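The next block holds one structure in the form of structure tokens; read it before the comments.
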Amino acid sequence: MKQKIALLTLGIMGFSAAHTGISSTSSFMQGFSHPLTGLDHLLAMVAVGIWATQLKGKAVWAVPATFVLLMLLGGVLGMLGMALPFVETGILASVLLLGLLILLQARFSLMSSMALVGLFAVFHGHAHGAEMPATATGLQYALGFVLATAGLHLSGLAVSLLLKRLLPAQTLRYTGLGVLLGGLSLMFA
């Protein structure tokens, strides 16, 4: 088992171009549309909402809120030019691990769950903050990005609630397999 985890880690580090970058980061619509068009963001953000639903209780709102807040922090760090190692690897790992957490129906304490998604969020935010031109404030872009991210979290929550209502309880965990497979496709894209 340890060998398989080591190979997966090496694969992630070797093929981790999850974040594709964008050409402009100045308008609200560019910020709003990016999470909706980047597979890495789409998968991770919806997965945060799904996993939060699996965790239940306060996690339903606290986990996605933590992601949004720490994504903003990561964005500020990137805008300030602060180096953060393994950003691309962190983004890809977030998709893969969130998919795995959903599939395994992993449950951690609220604080541990918030810390984990917070770490992922810093990587996602940093990637975009670092793309900001030095002459741009990025405020409109950031507002659009944050609103779209929160919307994707809500979509994950809604999908979870709908699936729980319409299908057997175990079905929701298989959305994690979809997220995991999407993350693997990013490794080799």
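The values are calculated or read from the model by the stated rules, or taken from the named source; none is laboratory data. The structure displayed is predicted, hence computed values, not measured ones. FYI the Cβ positions are ideal-geometry reconstructions off the backbone, even for glycines, and counts take in every protein chain you see. Protein only, heavy atoms only, side chains kept; ligands, DNA and RNA dropped before computing areas. Shrake-Rupley method; radii C 1.70, N 1.55, O 1.52, S 1.80 Å.
Structural remarks
- For ALA18: the one exception among (1) open to solvent by less than 60 Å² (accessible area, probe 1.4 Å); (2) more than 15 Å from ALA148 (Cβ to Cβ); (3) at pLDDT 90 or above: (3)
- Leading residue by the ranking (modelled with the lowest pLDDT) among those in region 91-126 that are open to solvent by less than 10 Å² (accessible area, probe 1.4 Å) and of a type in the set (Gly, Ala, Ser): GLY125
- For region 130-189, a residue qualifies if it is modelled with pLDDT of 85 or more and either of a type in the set (Ser, Thr, Tyr) or touching a strand residue (DSSP E or B) at 6+ places or on another chain (Cβ under 9 Å) (or both), and the qualifying residues are THR149, SER155, SER160, THR171, TYR174, THR175, SER185.
- Boolean, GLY49 is at pLDDT 95 or above, in a loop (DSSP other than H, G, I, E, B) and out of contact with any Lys or Arg (no Cβ under 7 Å at 6 or more places or on another chain): no
This table checks each residue for (1) farther than 23 Å from VAL60 by Cβ; (2) assigned to a helix (DSSP H, G or I); (3) of a type in the set (D, E, K, R).
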position	(1), (2), (3)
GLY75	yes, yes, no
GLY81	yes, no, no
THR89	yes, yes, no
MET114	no, yes, no
HIS128	yes, yes, no
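- Residue match in region 138-146 (condition: open to solvent by less than 20 Å² (accessible area, probe 1.4 Å) and in contact with a Pro (Cβ under 8 Å, 6 or more places away or on another chain)): yes
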